[in-house]
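Working notes, beginning with the structure itself.
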Amino acid sequence: MEKMKTKQGSNDKNPDKPQDVMYHILEIDSIKIIDNKTQLKEGKPDDYYYVELTCNQEGGTDEEKEVFESVKMRKLEGKGEGGHSYIAAVNYLIRSKSGPKEIGPYLKGSKSGPKEIECVVKRHVEGIGNSVIASANFPNIHGTERSTNVAPLKPQTPNEVIKDGSKLEILAVPHCWTRQYADSPFESHDNDGELPGYFNIFIEHFPGFVESQSKIGASELPIPKDDADEDLKMITEFEDKPQELGRPSVLLQFPAEDEHVKKDLTIKLLPLLDNWLSADNSKNTQFKGNRLAAIHHVRKVVGNLLDEHKFDEGLVVWENVLTDEAMKRIMFSSLGQHLVKRCKDGEGFEVDLLHMLHYKARKGYESFACRATFNKDGDIIKVEEPNGKTFKPAKSHDSKNDQRWWEWIKQKVRTATFISTQLLHLSVEHYTWGNYGCTALRKFLPKNHAFRIAFSVHFWRTAFTCSVSAPLLYSKRGLLSRVANVEYEGGLEQMIMDNLGNFKFGTYTEDLKKRGVDNCAFHVGTTDGVDLHKIIVDYVADMIDVIYPNDKDLENDEHMKKAYYFLFENLKCNLYQSKDLGLYNKSNMKLVWGEIVFHVSGLHSSIGNVQAWALDPSFINMRLKRPARGDGNADDGKFRWDLVAPMEANYGVVMIAAFACMKSPTLAQDWEHMFTGDHAKDAFPSGAPDAYIKLRKSLDELEDVIVTRNKNLDKTREFTCDDFLPSNCELSIAG
């Protein structure tokens with residue numbers, strides 16, 4: 001463990017005293033109106049309903065009451081047996097102080113928790129104001145375990161939209177924070193003032209843009225409409241970009257227009273916005289108050305856009321996300337699953353990101369280069385930096401200095417994992433597997449071709465997403481470039497180019513084996529991922545057998561032959577060592593297309609509940625800075641030891657997460673209509689083939705298996721995970 005000297009003049013009288021105070025936090029995760037007999041009135045866009053919560057502390061005065069407003073309520077489609085249901089994400093956190101070993105439950109009469117929570121449902125009408133329409137009281141909220149609390153909702157006005165018999169439901173989730181994260185409000189001496197205009201515009205308009213995107217089910221997906229066009233207009237990137245010696249050349253091309261989804265004015269204006277508004281990466285606007293206040297602030301900005309806990313399904317819950325235990329979840333059941341590998345000695349695992357030292361950090365910011373090591377059980381045991389410094393887990397008996405530095409290095413690991421995985425996701429899943437699979441269909445297969453009819457659903461909105469991602473995620477003045485702490489040239493741009501240049505065709509199971517995690521029982525890919533992979537590649541193989549009963553049928557299909565060799569070139573199949581993919585036959589077709597479809601309809605969605613990464617500003621920090629040596633004991637406002645990221649960094653991650661989580665058709669939905677109707681009468685005269693019926697059955701079975709695994713947690717399944725759950729997997733690489 002790196003030891004820091006005590007800074008002279010520190011305002012901490014006992015700088016080496018352990019952080020022996022724990023704060024037990026009760027989070028009101030969501031509020032739901034259930035069993036309502038009528039619908040809430042639909043008005044203008046600026047008219048809405050929300051809930052005002054008042055927390056009455058035991059023995060507190062009226063002046064000490066905490067009051068918090070929820071975001072706008074939204075309707076839950078198809079929810080509620082007795083009537084209409086509405087929900088609002090809240091993330092309202094109430095702090096309780098207790099001893100280090102005490103659970104500190106929130107019970108009525110407890111001096112360390114709320115006496116009761118009062119909820120008032122209000123309607124806001126633009127130009128008129130707010131009116132109370134109903135209320136409910138919760139006198140006894142428990143904070144020792146995740147709980148659903150229900151109370152009668154009492155209408156305040158006769159014949160209003162809330163009827164007798166309606167109920168209000170609160171989902172409460174407990175957390176336990178160290179003093180570092182929950183102490184007194186932060187008062188910075190170096191606040192850079194107001195948030196820059198670029199981010200204000202995004203905050204104001206981007207959530208609305210995401211919510212406005214077409215939300216259709218799989219049964220509504222359109223049939224192919226464009227004829228094959230080998231001269232399809234393409235956008236080319238990195239064509240004339242020189243590469244350093246030893247780095248592979250890079251050329252990225254994707255369609256200029258999507259087949260079905262057209263760019264609206266917002267998308268067309270993005271490049272202009274990038275160029276028009278200044279970019280100052282040295283400016284860091286601090287959240288006012290402590291971490292609790294920052295989380296409240298973020299939720300109010302994003303509204304219901306990010307469903308952190310899947311609160312309308314109750315499946316995946318993240319609690320105490322900054323703990324050492326959470327690092328295992330991050331690396332084996334979230335974004336880190338794509339990076340973690342077995343150590344060379346075979347005794348444990350590591351996420352090695354030391355190579356990030358080669359990407360130029362901006363002046364004043366910290367490089368993301370680090371290597372985290374985990375024991376054979378997946379528990380974090382150390383973090384190394386390029387200069388040889390090693391940090392080891394700090395416990396409650398260690399000094400405040402050591403505990404703070406351990407929390408900081410974990411944030412560095414989380415941030416490095418986030419940016420590495422997100423750029424891999426963009427470069428490999430979107431611009432390689434998704435983009436070239438989609439382009440091959442549109443360039444070479446006629447719109448009535450059986451293969452294009454069957455598989456076009458897996459590429460809906462793909463070209464649109466590629467086009468939108470360009471100004472957002474890899475433009476020199478785009479969102480990610482403004483957020484990240486690395487330079488554009490030699491930094492962000494080079495990361496993307498390296499990901500594209502180093503890509504070569506391989507299978508998912510081969511990748512797991514190569515990284516030595518294929519036998520790791522608690523790696524979600526070896527269970528859920530492998531199960532879904534088999535179902536999808538089997539489906540693709542079965543469909544190819546339906547479309548091409550024998551090799552001669554495939555050999556005679558010149559359209560598919562062109563599509564196959566287009567993929568052979570762009571997926572770098574010539575570098576594949578396990579098999580000669582240069583031969584155009586059914587076996588190779590099954591292998592190549594099987595991996596493409598798995599990546600776009602399975603692996604693409606394995607982003608590990610990234611909403612949770614965005615909603616807590618202490619989770620990651622894209623503007624990471626290194627504390628001055630010795631500052632681990634100082635509380636002088638020069639460094640945020642609650643590790644709350646600046647607004648610019650946090651809102652950038654929020655918008656990226658929102659874009660990645662746009663609602664799309666899923667694998668669990670039915671797209672049988674693609675095999676029926678006039679457009680398919682020649683390709684599939686008998687309607688949906690047995691291969692599709694088998695797929696539906698297999699996906700339903702896997703859904704049940706994964707849900708059961710999540711309910712029966714043990715040492716091999718410590719955390720719930722829905723990355724490969726068919727109802728969570730996007731059918732197409734649309735978001």
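The calculated FRET efficiency for the pair residue 244 and residue 574, based on their C-beta separation and a Förster distance of 25 Å, comes to about 0.60.
Computed with a 1.4 Å probe over protein heavy atoms only, the accessible area of residue 205 comes to about 110 Å². When you count the other C-beta atoms within 10 angstrom of each residue and take the mean per peptide, 34-42, 251-259 line up highest first as 251-259, 34-42.
In segment 566-693, how many lysine pairs have Cα atoms under 19 Å apart, counting only pairs 8 or more places apart or on different chains? Could you put the intermediate results ahead of the total?
Working: 572/586; 572/590; 579/590; 625/638.
So the count works out to 4.
Per residue, the convex hull spanned by the Cα atoms of segment 637-724 measures out at 153 cubic angstrom. Value of Rg to Rh for segment 346-461, rounded to two decimals, is 1.22; Kirkwood radius and Rg both from alpha-carbon coordinates.
In the full protein context, the chain carries 41 Å² of accessible surface per residue, based on a 1.4 Å probe and ignoring ligands, DNA and RNA.
When only Cα pairs under 8 Å and 6 or more residues apart are kept, what is the percent relative contact order across the chain? Please list the in-between numbers first.
Working: 1424 pairs, mean separation 127.9, N = 735.
Over the chain, the number comes to 17 percent.
Relative protection proxy for 338-346, 422-430, from highest mean packing down: 422-430, 338-346 (other beta-carbon atoms within 10 angstrom). Compared with the dominant Cα axis of the chain, that is its longest principal axis, helix 265-276 is turned about 70°. For segment 474-544, taking the reciprocal of the average inverse distance between every pair of different Cα atoms yields a Kirkwood hydrodynamic radius of 15.2 Å. Overall dimensions of segment 590-700, expressed as equivalent-ellipsoid semi-axes from the Cα gyration tensor (√(5λ), whole Å, largest first), are 50, 13, 11.
So what is the 222 nm mean residue ellipticity for the chain from helices alone, if each DSSP H run of at least 4 adds -39500 (n - 2.57) and you divide by all residues, rounding to the nearest 500 deg cm²/dmol? Show your work: numbers first, answer last.
Numbers: 19 runs with 219 residues, N = 735.
Calculated from helices alone, the mean residue ellipticity at 222 nm is -9000 deg cm²/dmol.
Against the criterion of solvent-accessible heavy-atom surface with a 1.4 angstrom probe, 408, 276 sort, most first, into 276, 408.
Per Stokes-Einstein, at 20 °C and 1.002 mPa s, what whole-number D in µm² s⁻¹ belongs to the chain, with the Kirkwood radius over Cα pairs as the hydrodynamic radius? Can you show the working numbers first?
Numbers: Rh = 27.4 Å.
Using the Kirkwood radius from Cα pairs, D works out to 78 µm²/s.
Heavy-atom surface analysis with a 1.4 Å probe gives the chain a carbon and sulfur content of 48 percent of its accessible area. Take 481-488, 700-707 and order them by the average number of nearby Cβ atoms within 10 Å per residue, most first; the result is 481-488, 700-707.
The values are calculated or read from the model by the stated rules, or taken from the named source; none is laboratory data. These figures come from a predicted structure and were not determined experimentally. FYI the Cβ positions are ideal-geometry reconstructions off the backbone, even for glycines, and counts take in every protein chain you see. Each accessible area value is taken on the protein alone, full model and side chains, heavy atoms only, with ligands, DNA and RNA left out. Shrake-Rupley method; radii C 1.70, N 1.55, O 1.52, S 1.80 Å.
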